[in-house]
Amino acid sequence: MKSIMQEERRCYICGSPYWTELHHVYYGKNRKNSDKHGFTCWLCEAHHRGTYGVHGREGKFIDEKLKRECQAKYELTHSREEFMKIIGKNYL
Ligand SMILES: [Zn+2]
Ligand SMILES: [Zn+2]
């Protein structure tokens, strides 16, 4: 399913259209669930795998921001119970 977070293939954080990579907002054991429900977004290489990127050493705040904003977006059209059933955790 396509991303519920954005229409265009641009970095969700900085808007760059270059070197974008698909990020699963809830990764690890929830990677498949993220694919299924469109809990994905595009990130430039730096915001994805750089030191300050979502998977980087200093990227924890971006990780948390994406998890919160994705849940909020989902809950515009679904209940919190539905979200919790899929991901198993509340980020808001
Ligand atoms: Zn970026
Ligand atoms: Zn990623």
For the stretch 33-84, the count of residues that are touching a Ser or Thr at 6+ places or on another chain (Cβ under 9 Å) and not acidic (Asp, Glu) equals 14
On the given criteria, is residue 81 within 16 Å of ligand 1 (Cβ to nearest atom) and surrounded by fewer than 15 Cβ atoms within 10 Å (Cβ to Cβ)?
no
Do we find that residue 38 is within 23 Å of residue 86 (Cα to Cα) and either among the aliphatic types (A, V, I, L, M) or at pLDDT 95 or above (or both) in this structure?
yes
For residue 56, are the conditions met, namely being within 11 Å of ligand 1 (Cβ to nearest atom) and buried (at least 16 other Cβ atoms within 10 Å of the Cβ)?
no
Identify the residue in the stretch 1-28 that is within 14 Å of ligand 2 (Cβ to nearest atom), more than 12 Å from the chain's Cα centre (by Cα) and more than 13 Å from residue 63 (Cβ to Cβ) and, among all such residues, is surrounded by the fewest Cβ atoms within 10 Å (Cβ to Cβ).
19
Just give me the residues in the stretch 75-92 being assigned to a loop (DSSP other than H, G, I, E, B) and touching a residue at least 24 places away in the same chain (Cβ under 8 Å), in sequence order.
88, 91, 92
How many residues are within 14 Å of ligand 1 (Cβ to nearest atom) and touching a residue at least 24 places away in the same chain (Cβ under 8 Å) if we restrict to the stretch 14-45?
12
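The values are calculated or read from the model by the stated rules, or taken from the named source; none is laboratory data. Predicted model, so just to flag it, every value in this text is computed and none were measured. Cβ: placed from backbone, ideal geometry, glycine included. Neighbour counts: every protein chain shown.
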